[in-house]
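S.K.: This is the structure, below, for whatever I ask next.
The values are calculated or read from the model by the stated rules, or taken from the named source; none is laboratory data. Bear in mind the structure is a predicted one, so any value in this text is a computation, not a measurement. Please note: Cβ atoms are built from the backbone with ideal geometry, for glycine as well, and neighbour counts cover all protein chains shown. Side chains are part of the model used for accessible areas, which takes the heavy atoms of the whole protein and leaves out ligands, DNA and RNA. Shrake-Rupley method; radii C 1.70, N 1.55, O 1.52, S 1.80 Å.
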Amino acid sequence: MIKENSQKNDFSKGSVVAGILSLAVPMTLAQLINILYNIIDRMYIGRLPENATLSLTGLGLCLPIISIIIAFANLFGMGGSPLCSIARGRGHLEEAESIMGNSFCMLLLSGAVLTAVGLLFKKPLLYLFGASDATFPFANEYLTIYLCGSIFVMIGLGMNSFINSQGFGKIGMLTVLIGAILNIILDPVFIFVFHLGIRGAAIATVISQTASALWTFSFLTGKRTILKLRFFRLRLRPDLVRQIISLGMAGFIMSLTNSAVQIVCNASLSRYGGDLYVGVMTIINSIREIVTMPVTGITNGAQPVIGFNYGAARYDRIKKAIAFMSAACISYTTLIWGILHLFPAFFIRIFSDEALLIETTIPSMRIYFFGFFLMSLQFSGQSTFTALGKAKHAIFFSLLRKVFIVIPLTFLLPHFIAPAVNGIFAAEPISNLIGGTASFVTMLVVVGKEIRTSKKAS
């Protein structure tokens with residue numbers, strides 16, 4: 001069965017577009033399910049009979065810490081899975097299994113450390129991130145329970161990348177589907193039936209993430225997988241750990257800088273607009289998660305195809321994969337920008353029916369998503385660099401858009417734009433223009449140069 005699956009998932013043969021779509025479609029569906037997984041808490045919490053806005057804002061204050069946990073999952077999951085694709089493309093299956101085993105071990109170790117550190121420093125961190133005396137109790141209740149299950153979050157998210165990288169897109173989708181269905185069922189039970197409020201949402205999330213992690217582990221140790229998670233492959237090898245961290249640093253920095261941006265935005269919005277605008281940003285971030293889902297699915301689906309063909313030295317197929325990925329992402333984000341501009345209230349009402357919150361969010365949302373199609377340039381360039389194992393380029397452009405553009409603008413623009421909160425929301429479209437264009441153009445230049453060099457050498 002392993003041999004049959006290996007031949008079936010040979011991305012150097014057949015249609016490039018079909019290869020990408022075979023992964024992108026189930027991965028996009030998985031993203032949809034994952035979005036439901038992540039936002040279902042916010043949908044229910046926003047409709048609590050008491051303290052709905054305070055609870056929603058409290059959950060929003062936890063998002064930077066959740067993003068940090070996801071960052072470490074990306075560090076070892078997104079760092080190891082492209083290396084597995086390249087090694088598998090070269091026919092080095094034992095090396096690929098060692099990469100996967102080392103990634104799993106690092107996920108376990110870092111998950112334990114993050115849980116301990118988070119529980120110790122959660123109070124000062126939440127106040128640093130913009131919590132007030134009114135919102136801290138709600139944020140604290142959710143975060144305490146979530147941290148207790150953070151290891152399962154990391155295993156489910158990080159190791160699912162190794163399922164997808166082998167071409168098992170439908171199995172990867174099931175990983176997310178199992179957790180999402182449980183979360184959708186358990187959320188109303190714990191929140192409303194057991195009257196646990198925001199604590200119930202956290203309990204449902206932890207149970208669901210645990211189920212996803214167990215499913216992932218079961219598949220990767222079973223008979224259907226090409227690369228198997230074996231006990232003796234868990235022994236850490238410094239050379240592999242360095243490679244994994246080096247390549248995963250791009251995804252790590254991207255998630256970490258997302259967290260940093262959330263922290264800076266929440267703190268600035270709390271200063272200039274109060275708890276109401278922190279709630280506005282929570283809704284906008286939730287909408288962004290929904291609308292970027294297809295882009296993430298397409299770019300994640302293209303990565304194994306690009307990485308495999310890079311390992312197999314099939315540069316013509318790499319060009320086709322990049323062209324399809326970029327065109328699909330740009331077309332989609334242009335369409336969704338128009339929809340968001342015309343019908344913002346429809347998306348906002350998914351999370352809240354409060355008139356003041358809806359009225360306040362609409363203009364902020366139109367500023368934040370202006371020129372949204374430029375965001376796809378960042379995703380396409382970043383994903384290509386990661387798939388080709390070009391860690392330095394991927395890391396640089398992760399830092400450029402968020403650390404060197406968004407965060408400074410979040411501090412500066414409120415001094416020049418009135419009202420000040422509009423300056424905070426305007427930082428995002430400006431960063432998409434500068435950072436996205438720079439990432440995409442550089443990717444085209446670097447890939448083109450490498451292909452020309454390889455053809456001359458051959």
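S.K.: Applying the selection to segment 13-59, what residues are at pLDDT below 70, open to solvent by less than 20 Å² (accessible area, probe 1.4 Å) and of a type in the set (S, T, Y)?
M.R.: Y37 - this is the single residue of segment 13-59 that is at pLDDT below 70, open to solvent by less than 20 Å² (accessible area, probe 1.4 Å) and of a type in the set (S, T, Y).
S.K.: Taking the stated definitions as given, is Q209 touching a helix residue (DSSP H, G or I) at 6+ places or on another chain (Cβ under 8 Å), over 23 Å from I395 (Cβ atoms), of a type in the set (S, T, N, Q) and touching a residue at least 12 places away in the same chain (Cβ under 8 Å)?
M.R.: Working: touching a helix residue (DSSP H, G or I) at 6+ places or on another chain (Cβ under 8 Å): yes; over 23 Å from I395 (Cβ atoms): yes; of a type in the set (S, T, N, Q): yes; touching a residue at least 12 places away in the same chain (Cβ under 8 Å): yes.
Yes.
Residues are listed down the side, and each one gets a yes or a no for (1) free of Cβ contacts under 8 Å to residues at least 12 places away in the same chain; (2) of a type in the set (A, V, I, L, M); (3) open to solvent by 40 Å² or more (accessible area, probe 1.4 Å):
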site	(1), (2), (3)
L83	no, yes, no
A96	no, yes, no
L109	yes, yes, yes
V117	yes, yes, yes
G130	no, no, no
C148	no, no, yes
M154	no, yes, no
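S.K.: When you check I318 against the structure, is it open to solvent by less than 20 Å² (accessible area, probe 1.4 Å), more than 18 Å from V25 (Cβ to Cβ) and among the hydrophobic types (A, V, I, L, M, F, W, C), yes or no?
M.R.: The answer is yes for I318.
S.K.: Further question: Being open to solvent by less than 60 Å² (accessible area, probe 1.4 Å), more than 15 Å from S81 (Cα to Cα) and either assigned to a loop (DSSP other than H, G, I, E, B) or polar (S, T, N, Q) (or both) is the filter here, so list the residues in segment 211-236 that pass it.
M.R.: S212, T221, G222
S.K.: Which condition number does V153 fail, the rest of (1) within 16 Å of the chain's Cα centre (by Cα); (2) under 18 Å from L83 (Cα atoms) being met?
M.R.: Failing condition for V153: (2).
S.K.: Restricting attention to segment 357-366, does a residue exist that is buried (at least 22 other Cβ atoms within 10 Å of the Cβ), acidic (D, E) and either under 22 Å from Y272 (Cα atoms) or in contact with a helix residue (DSSP H, G or I) (Cβ under 8 Å, 6 or more places away or on another chain) (or both)?
M.R.: So far as segment 357-366 goes, no, none of its residues is buried (at least 22 other Cβ atoms within 10 Å of the Cβ), acidic (D, E) and either under 22 Å from Y272 (Cα atoms) or in contact with a helix residue (DSSP H, G or I) (Cβ under 8 Å, 6 or more places away or on another chain) (or both).
S.K.: Also, quick follow-up: Name, by its number, the condition in (1) open to solvent by less than 10 Å² (accessible area, probe 1.4 Å); (2) under 21 Å from C329 (Cα atoms) that does not hold for I434.
M.R.: Here I434 clears every test but (1).
S.K.: Quick check: is even one residue across segment 104-121 part of a helix (DSSP H, G or I) and modelled with pLDDT under 90? Step through it out loud before you land on a result.
M.R.: The initial filter retains those residues of segment 104-121 that are part of a helix (DSSP H, G or I), namely 104-121.
Applying the additional criterion that residues be modelled with pLDDT under 90 yields none.
No, segment 104-121 has no match at all.
S.K.: Would you please list the contacts, defined by Cβ atoms under 8 Å and residues six or more apart or on different chains, that run from a residue in segment 326-348 that is part of a helix (DSSP H, G or I) to a residue that is basic (K, R)?
M.R.: Filtered contacts from segment 326-348: L340/R366; H341/R366; P344/R366.
S.K.: If the requirement is being in a helix (DSSP H, G or I) and modelled with pLDDT under 85, which of these qualifies: L177, L147, L186?
M.R.: L177
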